[in-house]
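See structure below.
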Amino acid sequence: MKFKVPKDEILIPLQHISKIANSKSIPILSGVFITVDPELMILVGGDSNNMMRYELSKDKFTFMKSGSVVLPIDKLFEIIKKMDEDWIQVELLENDCVHIVSGDSNFRLVGMDAGEYPQVRLDHSGIPIELNGEVLKVLINQTIYAVSSREDNPLLTGVHIKLNDKSVCFTACDRHRVARMTVMLASGVSAENIISGKALVDIKHILKDDLPVHINFLEQRMLFKQGSLTYAVTPMEGKYPNIEKMISMESSSKVVVSTPKLLRSLERSMIISDSSMGFITTMQINNDHLRISCQSDNGYMDENIVLESATNDIFEIKCNVKFALDALKTIRTEKTAIHYNRNQKLIVFKPHEQESALHLIMGALK
C-alpha cells in the first residue's frame, strides 16, 4: 500500500473517526482500517456499537500501490495534524509498519493486521429515506436535551425514532419531561429504532446543513449516509416506554406568550432557584398575565409577563426551571403557545401556530 493525499482531505475523516474508535478492551478497535486501490481509499473506525466509514474517490488522492492496514487512530491523527506540509505520503512496509512522510518529517508507525479487523455491513440495502442535513439536525436538537442521563433505564438515554408512510418522528423522555418533533415525509416505509443520545450528538456535529442525508433502518444497524460519510449505529435493544397517553392529554386551555420575554424571565428565576431544591420555580397563569416567581435560601424574585392572548383561567404549576429553559431554547418562533389542563400537573410548550414540535414538563412534587 502506498499513496499520497492532501492533509485536508484525510484530517477531517480521521478527526471524526477518532471520537468513536477508542475501545480499551478490543485493541484493534482503537485503530482506523485503511484500504487503498486505484479507484478508492476507504477509512473505517468505531467501537463495538457504532462504526464510521469515509470514502475518498480517486481524484482526492494519488494512488501508488494497493493494500490495507489498521493504524492506531490517536497516533495517526496527531502525526498528520501536526505536519506543516500540505501533502502526506503513506507507505506500508513489512510487519504492518507504515512509513509516513511529509516534507522533511519522517515517521514509522506500528500498525495491526487488516485481516483481523471486524467486517461490518455498511451497504445501503432497500430504499433509504432522505432528509436534508439541516432538517435532521433540527430533529436532533429539538429532542436530545430530554434524554435521560441515568443508566437505571438505559432506553431513556436514547431517542425513539419512528417512521411511517407519512412522517418521521423523534421522541425523548427522561420521566420528568418529553420532547417530540415530527416532520412530514412521504416515505412509504414503516420502521422504528431507539438510538443513543450520544450517537445522535456525534452525528449532528458531523453533518453538513446543505447536503441530503440518506437513512436506512436495517435489522441490526441504522445507517446515516451523507456524501462520502456513512455512520452505522447499533440500535438499543428493547421497547420504548408508551408515553402516548401523556402526550395526547386534552389541554383545557392555551395561552400565547412572547418567547424572548418568557426565556429571559425564567433565566432570571434560575439565578434565585436552588439546585438542592430541584430548581423549583412557580408559573401562574392568571387572566391576562403570566407570573413567574421563585423563592429559596438565595432570595426571592417575582415578575409578570403580559400574555399575547388572554384567558379566564387561573392555573399554577411548580416546575424545574432548568427543564423549562432547555425546552424554550429550542423554540425558534417569536411566540410560544402554553397548553395546560387544570386537572393535570403538567404543561406543554409549542412553537406558536406550529404543531410539529412539543415540549412537555411535569410539575414538581414539592
Listed residues PRO38, PRO212, PRO260, most fluctuating in the chain (Gaussian network, C-alpha, under 10 Å): PRO38
Note, ³J(HN,Hα) from phi for the stretch 138-144, Karplus 6.51, -1.76, 1.60, rounded to Hz, x at Gly and Pro: 5, 4, 5, 4, 6, 10, 4
Ratio of Rg to Rh over the chain (Cα coordinates, Kirkwood Rh, two decimals): 1.09
Sequence-separation-based contact order of the chain, relative, with Cα cut under 8 Å and 6+ spacing, percent: 12
Ranked packing of 81-89, 329-337, 157-165, most packed first, by mean Cβ within 10 Å: 157-165, 329-337, 81-89
Selected from VAL147, VAL44, VAL135 as most flexible by GNM, with the chain as the system and alpha-carbon contacts under 10 Å: VAL135
Simple label model, 7 Å out from Cα along Cβ direction - ARG342 to SER23, nm: 6.0
Top of ALA186, ALA232, ALA21 by mean-square fluctuation, Gaussian network on the chain, Cα under 10 Å: ALA186
Sum of -39500 (n - 2.57) over DSSP H runs of 4+, divided by residues of the chain (222 nm, nearest 500): -5500 deg cm²/dmol
Estimated FRET transfer efficiency (HIS99, GLU219; beta-carbon r; R0 51 Å; 0.05): 0.75
Relative packing of 213-223, 172-182, which averages over residues the other C-beta atoms within 10 Å, highest first: 172-182, 213-223
Theoretical gain in end-to-end length, LYS245 to ASP8 [0.36 nm per residue, Cα-Cα removed]: 80.3 nm
Proximal lysines relative to LYS7, as straight alpha-carbon distance under 22 Å, when same-chain residues fewer than 8 apart are discounted: LYS19, LYS58, LYS60, LYS65, LYS75, LYS81, LYS82, LYS208
Extension gain, ASP84 back to ARG121 (0.36 nm per residue minus Cα-Cα distance, nm): 9.7 nm
Principal axes of the stretch 129-244: Cα extent on each, largest first, Å: 37, 28, 25
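Bear in mind these aren't lab numbers, they're just calculated from the coordinates by the rules spelled out. Note that the structure is predicted; figures quoted are calculated from it, not measured. In this analysis, Cβ positions are derived from the backbone assuming ideal geometry, glycine residues included, and neighbour counts consider all displayed protein chains.
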